[in-house]
Amino acid sequence: MNTELKNAVLATDLKAQYDACAKKLLGYKDILVRILIEAVEEFRRMSPDEVKLLIEDDVHIGKIPIDPGLTNVVVGVDEDGKEIIGMNTVNEEEKLDILKNEYHIPMEKSIKEDVKVMCNLSEGIEERGIIKGREEGRTELLKQQVQKKLAKGQSIEVIAEDLVEDVEVIQAIVDEIQTEK
């Protein structure tokens, strides 16, 4: 399997695992209770225990398909009008602390384990993104260097030698540049 296809499959698998773990975490009643209290007007005046009694035992998250494109994308704001951002800049312990102390979600062993899995998956996704970004950056830099050298009238062979690349690599870049014109 070629490297690009392999990386795409691995990245998709990581994203799918992350998505499954996020859905599992959202299925915990204690987490659902907080979401309902904060997001649904009808639950705002209820206590977490009252709301918890209203949630069925068999929570269906990610099990019942919806029509594509019918998702809710909402950017929230807090009481001070500041945009609510994700917790992607804090570590596992800080995330657990936020869930426990700010949202008063009891820290069951299963929740802790799922948060740990999500943190590990998100780190893997981030690392792959960094690697991909660096590769794209190197490719773009090489392309810019080739364009500059072509503009100076240098031959493909001279450019390849100057940039310590195979002639075939430089030729492919030249072909790409020409198709963009």
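Starting at the first residue of the stretch 101-109, write each ³J(HN,Hα) from the Karplus equation 6.51 cos²θ - 1.76 cosθ + 1.60 with θ = phi - 60°, in whole Hz, x for Gly and Pro.
Listing the rounded values in order: 8, 8, 10, 6, 8, x, 8, 6, 4 Hz.
Please list 3J(HN,Hα) in residue order for the stretch 18-31, calculated via the Karplus relation 6.51 cos²θ - 1.76 cosθ + 1.60 where θ = phi - 60°; whole Hz, with x for glycine and proline.
Coupling constants for the stretch 18-31: 4, 4, 4, 5, 4, 5, 4, 4, 5, x, 5, 4, 4, 6 Hz.
Rank by packing, highest mean first: peptides 109-122, 141-154, with packing defined as the count of other Cβ atoms within 10 Å averaged across residues.
Top to bottom by mean Cβ count within 10 Å: 109-122, 141-154.
Give me, ordered by chain and number, the residues 5 or more places off TYR28 or on other chains with an amide H under 5 Å from its own placed amide H.
The answer is none.
Which entries of LYS15/LYS181; LYS23/LYS109; LYS52/LYS100 show an alpha-carbon separation above 27 angstrom in the structure shown?
Pairs exceeding the cut-off: LYS15/LYS181.
In debye to the nearest 20, how big a dipole does the stretch 94-181 give about its Cα centre with +1 on each Lys and Arg Cβ and -1 on each Asp and Glu Cβ?
Charge dipole, the stretch 94-181, about its Cα centre: 280 debye, nearest 20.
Need one value: the accessible area of GLU50 in square angstrom, 1.4 angstrom probe, rounded to the nearest 10.
Its accessible surface works out to 90 Å², give or take rounding.
The values are calculated or read from the model by the stated rules, or taken from the named source; none is laboratory data. Values in this document were obtained by computation on a predicted structure and should not be read as measured data. FYI the Cβ positions are ideal-geometry reconstructions off the backbone, even for glycines, and counts take in every protein chain you see. Side chains included, ligands, DNA and RNA excluded: accessible areas come from the protein's heavy atoms. Shrake-Rupley method; radii C 1.70, N 1.55, O 1.52, S 1.80 Å.
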